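Each reported figure results from applying straightforward, stated rules to the coordinates on display, with no laboratory input. On a predicted model such as this, the values are computed, not experimentally measured, just so you know. As a convention, Cβ positions derive from the backbone with ideal geometry for all residues, glycine included, and neighbour counts pool all protein chains shown.
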Amino acid sequence: MPAKTPSAKTLLQTLRTSFGGPTELDEPRPLEQIVLLILASRSDIRKARAAMLKIESEYVDWNEVRVTSAYELSRWLRPLGAKKAQAKAEQMKELLSTVYNRFNKLDLDFLQKEAKGAAEVRKRERFQTYLQEKSIALHVMMSLHASDRQDVVVVSGLARVLQRLGVLNGKSSTITATRSKLKDLYAAEELVTAQWSFYTLLETYCHARLPDCPACPVLQLCPVGQEEAKKRKADAKKAKAKAAERAKVLAKREAVAKKKAAVAEKKKAAAAKKAAAAEKKRQDAAAKKLAKKLAKKLAERLAKKRKGSKKAGKKVGGRPTKKTAKKASKKKTTKRKVAKKKASKKKTTKRKVAKKKPVARKRPAAKRKAAKRPAAKRPAAKRPAAKRKAAKRKAAKKKPAARKRKTTKRKTTGGKGRKTSRRR
Ligand code: SF4
């Protein structure tokens, strides 16, 4: 059900509570008027006026205010609100700096006077354009302040706001119809406040394309705003539902993707396992083949070697075969037998010879001593050959026991003993 058209009085009261602003444009000079409007924006006009008076008393002129820091200025503006003070000080400083930079003096009196020549007109237009860019409400107020004849200034957008609020008929949106409607709705002393409020509403909330109805202070009094709010609520609900649906779909898709990824991972793992098993099998087969090949080669080499050794055994006497080995052992045994026989024969002959030799007679001690003396002491050349022979014989006779020992030695030492006796 659409909201009832608000009464003009309720509407203005609500707007005034939110936006504050001037009740009249009573400052004699435009610069002071614009400073007061800045201070009164969204604040109580009486407090704004008191703050301006304080600043005027604290500083020599507006140029000193211009060069003062915004922080210092904000100290005098605290009665307007701690949060608003700093912003208002900065806004005031910016305006003073712009005026000074553009006109090289802090004076806006040219706005009141009749423009003399094209340069004056351009100067006034330029400043009004700057103000309009900054704030439509400020631009309208300064236009009203400069003109004594006008009581309502209609700028593009005011008709739209009034139509949305249900104050103005949709069909009558001309400048004249808007002006006459405002004059009909409000008394002459309320027109300044009404214009300030509607223009502030226009530039802050009631934009042409997308009005900020949920935050608008007159939402409860605006039928279009309520419709818009309902629509936005429904849209938000739809968007939320859509987002939830989308999230659901995404979650589903994600779950499917996860499932697919898990299956793919599983498949991949199985394939890797299979590949590893195949690789192991192939390696085992290759190792077996290699081992078989090596064994075959070894067997071939052995067979070749055996064959070669058989041939060599026949020709040179390489590795003896069973037959040749038998022959060789037979030969050895016969040789050993012959050698044994010869040795025993030799022994028996020697024993016989030893038995035949006469036993040595005992010689006198002097002769024995002489015989014991070493033969080398005597010059061998001087001795005759017969005497040497006799001495040898005597020496041989004296050592029968030694010979016997030698024979026993021979028996124990075997071949070596025989060799030594033979040498002697
Ligand atoms: S509620 Fe919306 S349409 Fe109505 S005045 Fe405020 S911003 Fe404009």
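Checked against (1) surrounded by 10 or more Cβ atoms within 10 Å (Cβ to Cβ); (2) within 16 Å of the ligand (Cβ to nearest atom), LYS238 meets all criteria but (2).
Would it be correct to say that TRP76 is over 30 Å from LEU158 (Cα atoms), of a type outside the set (A, V, I, L, M) and in contact with an Asp or Glu (Cβ under 7 Å, 6 or more places away or on another chain)?
Working: over 30 Å from LEU158 (Cα atoms): yes; of a type outside the set (A, V, I, L, M): yes; in contact with an Asp or Glu (Cβ under 7 Å, 6 or more places away or on another chain): yes.
So TRP76 fits the description; yes.
Check region 72-85 and report whether any residue there is of a type outside the set (S, T, N, Q) and closer than 19 Å to SER197 by Cα. Yes; the residues of region 72-85 include at least one that is of a type outside the set (S, T, N, Q) and closer than 19 Å to SER197 by Cα. Can we say LYS296 is among the basic types (Lys, Arg), loosely packed, with under 11 Cβ neighbours inside 10 Å and within 49 Å of the chain's Cα centre (by Cα)? So LYS296 fails the test. Every test in (1) buried (at least 17 other Cβ atoms within 10 Å of the Cβ); (2) in a loop (DSSP other than H, G, I, E, B) is passed by ILE38 save one, and that test is (2). Among residues of region 214-238 that are under 13 Å from LEU15 (Cα atoms) and part of a helix (DSSP H, G or I), those with a Cβ under 6 angstrom from a residue that is of a type outside the set (A, V, I, L, M) and more than 6 Å from the ligand (Cβ to nearest atom), sequence gap 6+ or separate chain, pair up as LEU221/PRO6.
Every condition in (1) surrounded by fewer than 21 Cβ atoms within 10 Å (Cβ to Cβ); (2) within 9 Å of the ligand (Cβ to nearest atom) holds for VAL249 except the one numbered (2).
Checked against (1) closer than 27 Å to LEU111 by Cα; (2) in contact with a Phe, Trp or Tyr (Cβ under 8 Å, 6 or more places away or on another chain); (3) exposed (fewer than 11 other Cβ atoms within 10 Å of the Cβ), TRP196 meets all criteria but (3). Number of residues in region 211-233 that are within 7 Å of the ligand (Cβ to nearest atom) and over 20 Å from TYR199 (Cα atoms) equals 1.
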